[in-house]
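Here is the structure we will look at.
Bear in mind these aren't lab numbers, they're just calculated from the coordinates by the rules spelled out. Computed from a prediction, not measured in an experiment: that's the story for all the values here. Glycine gets a Cβ as well: all are built from the backbone with ideal geometry, and neighbour counts include every protein chain shown.
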Amino acid sequence: MCGNETKYIKEAVKSGKISGNGYFTNKCQQYFETKYNFGKCLLTSSCTDALEMCALLANIEKDDEVIMPSYTFVSTALAFVRRGAKIIFVDSKKNNPNIDENEIEKNITPKTKVIVVVHYAGVACNMDKICEIAKLHNIMLIEDAAQAFDSYYKEKPLGSFGSLATFSFHETKNIISGEGGMLVINDPKLYSRAEIIWEKGTNRADFSRGFVKKYEWVDLGSSFLPSELISAFLYAQIEKADIIQKKRINIWEKYYKNLKRLEEKGFIKCAEIDKNCPTNGHIFYIICRNNDERTKLAKYLLDNNILAVSHYLGLHKSPYYKNQYQGQKLENCDKYEECLLRLPLYYELKTKEIDFICKTITEFYTKNLKV
Ligand SMILES: *Cc1c(COP(=O)(O)O)cnc(C)c1O
């Protein structure tokens, strides 16, 4: 909490309207539409919900194929699996955990319906190449931009490339509402159906505008919209977004500067810097040389009261999906699963604490050397 969160929640309560699609929901949606030039934005209860809406809007049917990275959160796949899709997992890149754009085309078949990209750590995938592939093969492109709030590819906002894009405001993300998410609809042909799916399969939105006479059940859908209490909280965060972003990017850069020497010595690899795909300060990670070293480093940090954690387990090897996965070994995905370590990164983190964390990591490697 860093501003008007409770004030706006009180206002929502006082207004007597706390169900969804009210004043604060519209304020949030308008902010994103205007600031980032997104098509239409609809707040959802989570990014998972927004992904479920994507699977409905893409008309996923049994045995349709959906291409995505394996190194991602379960929801990216789950939403499509629930509609009967077969997931074609693709490896990550060598130099970062994003989907390897050069591995996509060979996985396209006549059954491929959607390509989902995930901008890991808020760092953009290679959108020039991926948009070109999607266009050439006439396949719908969806961005799981859960971590990519206020992030850019060649200065164009992430979330504006796909026909659809999803964001998360879960409390682990940059701007938050506890649970919360958003669907971005950039393809105008999908606007009206998205609204129907959002409102439990009814034409309620058009009805409120006086466009239709009857309020009816017209399509599939669910209760995807958040209450005004959630939107009120989110709106307060949005007001502070510039401050939050500046702070997080600053922390990210401090880590990078402090740990670069360990990278130069070959002990670790830091998250990369690429001016076309700048960080939005969502995650700072390092890559250890092997799994054993990561385990030892994490333990050493924990002994010093520093919580550094690994991230995803490849979805293609998960207990739920492994029997359905017939593809090959995904080597880079395995590497990130085994060797990636996230360092603490949150709004309140102090410079002193960053210095201590970096000092402790350095200590670990120099001590190790002497053994
Ligand atoms: C956080 C996250 C999600 C899920 O977001 P929720 O809002 O918790 O549903 C999905 N995909 C990615 C890549 C995420 O990081």
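Calculate the all-directions average of the projected area of region 235-283's alpha-carbon convex hull, and give it in nm².
Working: hull surface 15.7 nm².
Answer in nm², one decimal: 3.9.
Given in Å, the Rg to one decimal and the Dmax to the nearest whole number for the Cα atoms of region 155-264 are 19.3, 68.
Peptides 65-75, 248-258, ordered by how many other C-beta atoms sit within 10 Å of their residues on average, highest first, read 65-75, 248-258.
Coordinate range of the alpha-carbon atoms in region 1-110 per principal axis, descending: 55, 34, 25 Å.
In region 143-218, which trypsin sites (Lys or Arg not before Pro) fall in coil by DSSP and have 14 or fewer other Cβ atoms within 10 Å?
Details: sites: LYS154, LYS173, LYS189, ARG193, LYS200, ARG204, ARG209, LYS213, LYS214; in loops: LYS154, LYS173, LYS200, ARG209, LYS213, LYS214.
Qualifying residues, ordered by number: LYS154, ARG209, LYS213, LYS214.
Working note: Debye formula, equal point scatterers on the alpha-carbon atoms of region 248-311, no solvent; log10 I(q)/I(0) at q = 0.15, 0.23, 0.28 Å⁻¹ is -0.51, -1.13, -1.34. Short-range pairs are left out: with C-alpha atoms under 8 Å and at least six residues apart, the relative contact order of the chain is 20 percent. Overall size of region 118-159 from C-alpha positions, given as principal axis extents largest first: 28, 18, 12 Å. Site pair ASN37 and LYS94 shows an inter-label distance of 3.5 nm when each label is modelled 7 Å from Cα along Cα→Cβ.
Selection among THR172, ILE108, PHE207 by position relative to the dipole of region 89-232 gives PHE207 as farthest towards the positive end (Cβ unit charges, Cα centre).
Over the chain, the fraction of Cα-Cα pairs per 20 Å bin, rounded to whole percents and listed from the shortest bin up, is 28, 55, 16, 1.
Separation of region 173-241 and region 66-109, taken as the distance between their Cα centroids, equals 27 angstrom. Note on the chain: GNM, Cα springs under 10 Å; of ALA232, ALA77, ALA308, the largest mean-square fluctuation is that of ALA308.
Equivalent-ellipsoid semi-axes for region 35-99 (Cα gyration tensor, √(5λ), whole Å, largest first): 21, 19, 10. Averaging 1/r over each pair of different alpha-carbon atoms in region 61-115 and inverting the result gives 11.4 Å, the Kirkwood hydrodynamic radius.
Around GLU11, under 12 Å between beta carbons, what's the net of Lys plus Arg minus Asp minus Glu among the other residues? It would help to have the intermediate numbers written out before the result.
On the way: positive: LYS7, LYS10, LYS14, LYS17, LYS27; negative: GLU5, GLU228.
Net local charge, GLU11 excluded: +3.
Restricting the calculation to Cα atoms, region 313-371 shows an Rg/Rh of 1.20 when the hydrodynamic-style radius is the Kirkwood one.
Highest first, please rank the peptides 158-166, 95-103 by the mean number of other Cβ atoms sitting within 10 Å of their residues. Each step should come with its number before you reach the end.
Details: 158-166: 26.0, 95-103: 19.6.
My ranking of the peptides, most packed first, is 158-166, 95-103.
As an exercise, use a Förster radius of 45 Å and the Cβ-Cβ distance of LYS10 and ASP355 to find the FRET efficiency, rounded to the nearest 0.05. Numbers along the way, then the final one.
Numbers: r = 39 Å, r/R0 = 0.88.
Result of the calculation: an efficiency of 0.70.
Here the extension length gained between GLU105 and ASP219 equals 37.7 nm, from 0.36 nm per residue of separation less the Cα-Cα distance.
Between Rg and the Kirkwood Rh of region 13-65, both from Cα atoms, what is the Rg to Rh ratio?
Values: Rg = 14.7 Å, Rh = 13.2 Å.
Ratio of gyration radius to Kirkwood radius: 1.11.
Would you please put 291-300, 347-356, 332-341 in order of how densely packed they are, using the mean number of other Cβ atoms within 10 angstrom per residue and starting with the highest?
With the highest mean Cβ count within 10 Å placed first, the list reads 332-341, 291-300, 347-356.
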